Amino acid sequence: MSETSRQHRARAEWPLWEVFVRSRRGLSHTHVGSVHAPDAALALRNARDLYTRRSEGVSLWVVPAEQITASSPDEKDPFFEPAADKAYRHPTFYEVPEGVRNL
């Protein structure tokens, strides 16, 4: 087996990391893509090089893809229905002061 094919096989076995970038202070992190890396430190470096080359972000998160669990869009109504009767949990219940941005 050639050195190149060994490197490709090793890279294919690296875990997948999901990348989240916060574009500026006060905003939420947003999922921007994925990288393969053997550990968190290298995943963070690869994510920085790939997704923030033009100084687009102020913060990066990398999370092992296998650690993410998400609700299904098909189950939206039954999953989120219990919160519908609690109006105080909805942001429309509160008045936002004029000077507050990015809320």
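Before moving on, here are some points about what is shown:
- A dipole drawn for segment 3-70 from +1 and -1 charges on Cβ atoms has a positive end, and of ALA37, VAL63, LEU27 the residue lying farthest that way is LEU27.
- Whether segment 3-70 is rounded, prolate or oblate, judged on the alpha carbon gyration tensor where a/c under 1.5 counts as rounded: oblate
- Neighbour counts of other Cβ atoms within 10 Å put THR30, THR69 in the fewest-to-most order THR69, THR30.
- Under the convention that each Lys and Arg Cβ holds +1 and each Asp and Glu Cβ holds -1, the size of the dipole of segment 3-70 around its Cα centre is about 340 debye.
Quick note: the coordinates plus some simple rules give every number you see, no bench work behind them. What you are looking at is a predicted structure, and each value in this text was computed from that prediction instead of being measured. Note: ideal-geometry Cβ built from the backbone for every residue, glycine included; neighbour counts use all protein chains shown.
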